[in-house]
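Here's the structure, in structure tokens; my notes come after.
Coordinate-derived values only; no laboratory data. Predicted model, so just to flag it, every value in this text is computed and none were measured. Please note: Cβ atoms are built from the backbone with ideal geometry, for glycine as well, and neighbour counts cover all protein chains shown.
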Amino acid sequence: MFPSPLRVYGPAESQRVVFEDVCPLLTSFLDGYNVCIMAYGQTGSGKSFTMLGPRCQEEPALLSEPRGDAGIIPRAAAELFRLLSEDASRSPEVGVSIAEVYNNGVVDLLANDSCRVASGVKRQVLPTQQGKKAVRGLTYRPVHSAAQFLTLVGRGLQLRAKQPTAVHAESSRSHLVVTVTLATVASPRRPSGLPSTPAPAAAPQSDWSASTEPCQPAPRSPATGRRQSPPVPLRTRAHGLRRVAPDPLGQVCATLQLVDLAGSECAGVSGVTGSALRETSCINRSLAALSDVLGALAEGRGHIPYRNSRLTHLLQDALGGDAKLQVIVCVSPGQRHVAETLQSLGFGARARQVERSCPAARKLR
Ligand SMILES: Nc1ncnc2c1ncn2[C@@H]1O[C@H](COP(=O)(O)OP(=O)(O)OP(=O)(O)O)[C@@H](O)[C@H]1O
């Protein structure tokens, strides 16, 4: 077992600093690895702030040039398209789908109803022919810029379930999963200036089987000056993680999942009743199922209970497959939250025992 690095961000640390540690995973994604970055923590502890930024749900579109308190998703969108623009040898197709897990159902947040009005549509998680998990019928939109990407995220957020509680006036009542798909034609890297590879015609089905292609040395980011290889030791080369293999047509399709989990909460403290109480119960059960899955993976158990909740079923390939997983645990420093904070840190410790994980802890400012 390789110990995973643990980074604690204090209350004064900026969103930029947090993103600097996430940034190398984008290079991994471009290099053909599947990646999942998720924020976990009690309600009101700063998960949406970390992943999206402040008051994001009120914005029609998130800024494509991230500034100030912009979170991981807008920064990742900008960095992704910046990196893509730097390499003329790639002719990628980038696509986005956005789903929420609400009351143990998967809802497509980019779907339109029969009148072409944006409305969440329930979907099912089903196995693919490759034995992976996919959401059948999930809307997939090609994007060509960070601005397009973030317009879609803004649109999805308009539909995301929210509910004021005694703890948090804008509490998210669902787990948000933004999936970015990057389809490229597999070819050796070539110096820029040479003719580029033709773009794939359509979003391909992913194939997560193994490849033995060696990794390229990563360049330094002009933004941060840091080398953009993944933080070591994530479960990477040394741990046997592999890039996505090309399909028979030579296409590589890697996925980046950006997950803003709903917050764990004590119904007695958040004061919810009626339908909100049902939401709380579903949120807590799905988070417990997530913790159980990580525990089973950490212990190397033969049976991993992915199917105990829609959340773990949806994230099965990221949790137990060949993805690089980064968990950011958000905690509130207040004394009255100590029980929830300990529970969240316990979750982080559990995630850390899974060889692939690289949890970081974050305090609310
Ligand atoms: N690091 C931070 N600096 C400044 N403000 C923050 C920080 N983290 C969170 N906040 C603020 O705290 C409030 C709660 O944060 P946020 O909405 O991200 O919580 P959450 O964990 O997503 O909650 P829930 O699970 O209930 O949706 C928001 O007003 C947010 O802007």
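Residues with beta-carbon under 12 Å from that of Val135, excluding Val135: net charge, scoring Lys, Arg +1 and Asp, Glu -1? Let's see the in-between values first.
Working: positive: Lys122, Arg123, Lys132, Lys133, Arg136, Arg310; negative: Glu100, Asp108, Asp317.
With Lys, Arg at +1 and Asp, Glu at -1, the neighbours total +3.
In this rough spin-label picture, where each label sits 7 Å from Cα along the Cβ direction, the Arg301-Arg7 distance is 3.2 nm. If each of Ser91 and Ser145 carries a label point 7 Å out from its Cα toward its Cβ, how far apart are those two points in nm? Between Ser91 and Ser145, the simple spin-label model gives 2.2 nm. Seen through its C-alpha gyration tensor, with square-root eigenvalues sorted a ≥ b ≥ c, segment 71-148 comes out prolate because a/c lies at 1.5 or above while a/b is bigger than b/c.
On the basis of the beta-carbon distance and an R0 of 41 Å, Val121 and Ala169 show a calculated FRET efficiency of 0.90. Stretching the chain fully between Arg67 and Asn308 yields a gain of 82.8 nm (0.36 nm per residue, less the alpha carbon separation).
From least to most packed, judged by other beta carbons within 10 angstrom and beginning with the fewest, Lys324, Lys132 follow the order Lys132, Lys324. Report the extension gain between Asp113 and Arg82 in nm, rounded to one decimal, defined as 0.36 nm multiplied by the number of residues separating them, less their alpha carbon distance. Contour length minus Cα-Cα distance gives 7.8 nm.
In order along segment 40-49, the phi-based Karplus estimate (6.51 cos²θ - 1.76 cosθ + 1.60, θ = phi - 60°) of 3J(HN,Hα) comes to 10, x, 5, 4, x, 8, x, 5, 5, 4 Hz; Gly and Pro are listed as x.
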